[in-house]
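First up is the structure itself, then whatever we jot down about it.
The values are calculated or read from the model by the stated rules, or taken from the named source; none is laboratory data. Predicted model only: the values in this text are computed from it and were never measured. In this analysis, Cβ positions are derived from the backbone assuming ideal geometry, glycine residues included, and neighbour counts consider all displayed protein chains. What goes into the accessible areas is simple: the full protein's heavy atoms, side chains included, and nothing from ligands, DNA or RNA. Shrake-Rupley method; radii C 1.70, N 1.55, O 1.52, S 1.80 Å.
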There are 2 protein chains.
Amino acid sequence: MLEERRLKTRMSEPKIRNMEEFASVSGISRPTISKYFNDPTSVRATTRERIERALEQFDYQPNMYAINQNRRLTKNIGVIVPYLADPFFAEMARHMEDLVIAAGYRPVLLGSHGDADLEVENLNSLRLMKPAGVLLAPLGRGSDPERIAEFSQDVPTVLFDANLETIGEAFVGSNNQQSINLIVDYLCRTGEPPSFFEMRLPSNPNAFKRRQAYVAAMEALGHEPQLIQVDGDGWEFEAIGFREGSRVLEERSLPTDTVLCSNDRLAIGFLSAAYQKGMRVGLGDGCALRVAGHDDHPFSRYTCPTLTTVSQDYESIATKSAESLFEVIESGSAEKMREETLFDGKLVMRGSA
Amino acid sequence: MLEERRLKTRMSEPKIRNMEEFASVSGISRPTISKYFNDPTSVRATTRERIERALEQFDYQPNMYAINQNRRLTKNIGVIVPYLADPFFAEMARHMEDLVIAAGYRPVLLGSHGDADLEVENLNSLRLMKPAGVLLAPLGRGSDPERIAEFSQDVPTVLFDANLETIGEAFVGSNNQQSINLIVDYLCRTGEPPSFFEMRLPSNPNAFKRRQAYVAAMEALGHEPQLIQVDGDGWEFEAIGFREGSRVLEERSLPTDTVLCSNDRLAIGFLSAAYQKGMRVGLGDGCALRVAGHDDHPFSRYTCPTLTTVSQDYESIATKSAESLFEVIESGSAEKMREETLFDGKLVMRGSA
DNA sequence: TTTCAAAATTTACGCGCGTAAAAATTAAAT
DNA sequence: ATTTAATTTTTACGCGCGTAAATTTTGAAA
């Protein structure tokens, strides 16, 4: 039974079982082989060539468990996002994986499925893995800050997307202040001032910042802020945007003809609701409504109409997060100051507002 | 510097360094502790209680690298999907992670980012991890079948979503024949027979099956099949659907007023194109076009209009894949017969057709 | 209380690799 | 050819755990 499987493997070259064997077939001593695998440049060029020639012939790969057993920390870097099924985080994770690989580490991707317990679970799994560091986008409101703080004291951790004050070596995110200001400004300049459509109890701390920024921006422009705070839990933002958008439109309770949604996924649901109510959304004549979002979600360019929004600078956030982490790892020490970096958003003018 | 980090950790209980120490503080011998961690039910109930009480007090966790070093295979199960930023695969992966955890294994999630080299890379990474098995959704056309076949001979592998003939212990996917038949039938019954909108060189083998099924279904109903094969590479299906949909609509080259898209993501792009051309999509009076998709993609209920499509049975596919893999793993032997399981789709009637 | 199988303990070895120390070799500079 | 620093080799130990074998203890049934 087990034999059966084994027989299938090709037997062209005698299988190398461990570093000892590989050392003997390659004619190099084991400690030197070991040095090579830890850093190929640490051995003489001629030696490196001999090893690499042997490597082509015998395809030996060191046992990763044996390698890491005695290391205080490994070359693994954890990447944890709150919700992998959200294309925003999927994209973010993709970027980070690339950066981590490019820096010579191995990414370990974990999604928390919107569940705080799983988030802690993921942290625990990672801890066993003795990672060199972690890039963490916390759930936000649902998160267990104590457990995360605890973890971040054992493992170099850089937070991104959602800030938990004082936790981690650094935080990298979007400048919600600036980006909301940008779009509120734009909307006020081109039509009625927007009301702000959001969840009453958002799971994401950015939502709070955006609310504040909206209120401040409106007041600065001499307008009355109008918050539309709807019920809804979890991460199914489109569903909430649709359901509550439908309700609001039905009740005709919108204070103005312009709605700024706290994020694109809510806006996608809202737009769908407006469409079904037969309301024409956009900024031309004959449009009953303007809708804007926030994030430049991958799907926002395919909504009907296409969604006017503010972009988050995916790439800068991913890059800065990764680089901050590498710095902490390579300096070996905790940063003296917890650095918070915020990237500005850009206005993305499309059809909906 | 390193000390600094260490000082932060709480010192309430003296830190347990290894199983030996935990054995002594818990008053149980090390071999018994070892037995417990491999299977808590394998020790006497009273012993288990004593261990668990000690566990609460000292929070020791075995070194996973030491544990796995000598195992022929671990409790890890790899889950590889071609593209994590596609919510379909993200959802699928999420389900599978849950099932894997429930079965007492540890999922290791890997995305191939639409890149065949990375797919092989992922396989290689997994091999080092000595996983008990792998759930693999291959890229399809881009995949390197030889490398995958090789891998699947060393590691129990169950394929899902995209079939590579003869590779792996089993394949689980959708019954494209049935589902395409279903929707072609529906479309013909309720209006003009559909043309089939697809990529000329689809990356996914399902696309070929769907094309064939479309042709067969049309012929069975006495209609002329009309294939609209558009250019486009990669995994940005919405962009392709939009770009080529726009072109097709501009050229007025559609043979009928009904379009069946090979998948929902193409349809999402197509719908967006139709909207921007000012064409009303749907089945009522005054609609110029009907559009249908395939997959019941998470976003298809928020398109404008909402997308009529055929659902893939996410959950059944995930469950059956996982269970097939567990069976192979636990039986310890390769299945005598490579089983192919196809789940029927269900018609999801919404606004677009 | 005796009996006895089940469970735990004691003892000991091995896994694949990192790595330290001392000796030997290499290759570049004098 | 000689000196010398840089590498490699030899030798040896340790890491944390799995696990086998022999022995002792446990606890339930007789």
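Out of everything in segment A:109-129 that is outside any helix (DSSP H, G or I) and more than 8 Å from chain B (Cβ to nearest Cβ), what residue ends up being most open to solvent (accessible area, probe 1.4 Å)?
Pass one, segment A:109-129, residues outside any helix (DSSP H, G or I): A:109-115, A:129.
Retained after the next criterion (residues that are more than 8 Å from chain B (Cβ to nearest Cβ)): A:112, A:114-115.
On the way: A:Ser112: 0, A:Gly114: 30, A:Asp115: 65 Å².
Per the criteria, the residue is A:Asp115.
In this structure, is B:Ile28 part of a loop (DSSP other than H, G, I, E, B), open to solvent by less than 90 Å² (accessible area, probe 1.4 Å) and among the β-branched types (Val, Ile, Thr)?
Numbers: part of a loop (DSSP other than H, G, I, E, B): yes; open to solvent by less than 90 Å² (accessible area, probe 1.4 Å): yes; among the β-branched types (Val, Ile, Thr): yes.
Answer is yes for this residue.
Give the residue that is nearest to DNA strand D (Cβ to nearest atom), with candidates limited to residues of segment A:16-25 that are closer than 22 Å to A:Asn68 by Cβ and open to solvent by 40 Å² or more (accessible area, probe 1.4 Å).
Let us first name the residues in segment A:16-25 that are closer than 22 Å to A:Asn68 by Cβ, namely A:16-23.
If we keep only those that are open to solvent by 40 Å² or more (accessible area, probe 1.4 Å) as well, we get A:17-18, A:20-21.
On the way: A:Arg17: 16, A:Asn18: 12, A:Glu20: 9, A:Glu21: 14 Å.
Ranking the qualifying residues of segment A:16-25, first place goes to A:Glu20.
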* To do: Filter segment A:86-108 for residues that are more than 15 Å from DNA strand C (Cβ to nearest atom), surrounded by fewer than 23 Cβ atoms within 10 Å (Cβ to Cβ) and small (Gly, Ala, Ser) and give the result.
  => A:Ala102, A:Ala103
* Structure fact -> Checked segment B:64-85 for anything open to solvent by less than 20 Å² (accessible area, probe 1.4 Å), of a type outside the set (Val, Ile, Thr) and not in a strand (DSSP E or B); matches are B:Tyr65, B:Asn68, B:Pro82, B:Leu84, B:Ala85
* Scan segment B:133-151 and give yes if some residue there is buried (at least 24 other Cβ atoms within 10 Å of the Cβ), more than 14 Å from every other protein chain (Cβ to nearest Cβ), farther than 30 Å from B:Ile67 by Cβ and within 17 Å of the chain's Cα centre (by Cα), otherwise no. => yes
* Asked: Which condition number in (1) out of contact with any His (no Cβ under 7 Å at 6 or more places or on another chain); (2) modelled with pLDDT of 95 or more is the one that B:Gly191 fails?
  -> (2)
* Asked: Going through segment B:181-205 one residue at a time, which ones are more than 27 Å from B:Glu165 (Cβ to Cβ) and not basic (Lys, Arg)?
  -> B:Asp185, B:Tyr186, B:Leu187, B:Cys188, B:Thr190, B:Gly191, B:Glu192, B:Pro193, B:Pro194, B:Ser195
* To do: Just need a number here: residues in segment B:64-85 that are out of contact with any Asp or Glu (no Cβ under 8 Å at 6 or more places or on another chain), away from DNA strand C (no atom under 16 Å from the Cβ) and farther than 21 Å from A:Ser125 by Cβ.
  => 1
* Asked: open to solvent by less than 20 Å² (accessible area, probe 1.4 Å) and within 9 Å of DNA strand C (Cβ to nearest atom): does that describe B:Ile33?
  -> yes
* Residues that are more than 16 Å from DNA strand D (Cβ to nearest atom) and among the small types (Gly, Ala, Ser), drawn from segment B:66-97 -> B:Gly78, B:Ala85, B:Ala90, B:Ala93
* Structure fact -> Per the filter on segment A:206-223, residues open to solvent by 30 Å² or more (accessible area, probe 1.4 Å) and closer than 29 Å to A:Asp161 by Cα are A:Phe208, A:Lys209, A:Arg211, A:Gln212, A:Val215, A:Ala216, A:Glu219, A:Ala220, A:Leu221
* Asked: Does B:Glu150 satisfy the criteria of being in contact (Cβ under 8 Å) with a residue 24 or more places away in the chain, touching a Ser or Thr at 6+ places or on another chain (Cβ under 9 Å) and not aliphatic (A, V, I, L, M)?
  -> no
* Structure fact -> How many residues of segment A:225-255 are more than 11 Å from every other protein chain (Cβ to nearest Cβ), under 30 Å from the mean Cα position of the chain (by Cα) and open to solvent by less than 10 Å² (accessible area, probe 1.4 Å)? The answer is 2
* For segment A:36-53, how many residues meet the condition of being open to solvent by less than 80 Å² (accessible area, probe 1.4 Å) and in contact (Cβ under 8 Å) with a residue 24 or more places away in the chain? -> 2
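Go through segment B:260-273 and give me each residue that's assigned to a strand (DSSP E or B) and either of a type in the set (Ser, Thr, Tyr) or within 14 Å of chain A (Cβ to nearest Cβ) (or both).
Here is the first cut: in segment B:260-273, the residues assigned to a strand (DSSP E or B) are B:260-261.
Selection gives B:Cys261 alone.
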* So which residues in segment A:90-104 are more than 9 Å from chain B (Cβ to nearest Cβ) and in contact (Cβ under 8 Å) with a residue 40 or more places away in the chain, if there are any at all? -> A:Met92, A:His95, A:Met96, A:Leu99, A:Val100, A:Ala103
* Which listed residue is open to solvent by 20 Å² or more (accessible area, probe 1.4 Å), more than 12 Å from DNA strand C (Cβ to nearest atom) and outside any helix (DSSP H, G or I), from B:Gln61, B:Gln57 -> B:Gln61
* Structure fact -> A:Ile51 vs (1) more than 10 Å from DNA strand D (Cβ to nearest atom); (2) away from chain B (no Cβ under 14 Å); (3) at pLDDT 95 or above; (4) within 40 Å of the chain's Cα centre (by Cα): all pass except (1)
* **All positions within segment A:230-255 that are in contact (Cβ under 8 Å) with a residue 60 or more places away in the chain and in contact with a strand residue (DSSP E or B) (Cβ under 6 Å, 6 or more places away or on another chain)** => A:Pro255
* To do: Kindly state which strands (runs of 3 or more DSSP E) lie completely within segment A:290-353 and contain at least 3 residues that are closer than 21 Å to A:Glu238 by Cα and touching a Gly at 6+ places or on another chain (Cβ under 8 Å).
  => A:309-311
* Asked: Any chance segment A:54-63 includes a residue that's touching a residue at least 24 places away in the same chain (Cβ under 8 Å), away from DNA strand D (no atom under 16 Å from the Cβ) and within 14 Å of chain B (Cβ to nearest Cβ)?
  -> yes
* **Unmet requirement for B:Thr258, which otherwise passes all of (1) closer than 26 Å to B:Asp313 by Cα; (2) in contact with a strand residue (DSSP E or B) (Cβ under 6 Å, 6 or more places away or on another chain); (3) open to solvent by 10 Å² or more (accessible area, probe 1.4 Å)** => (3)
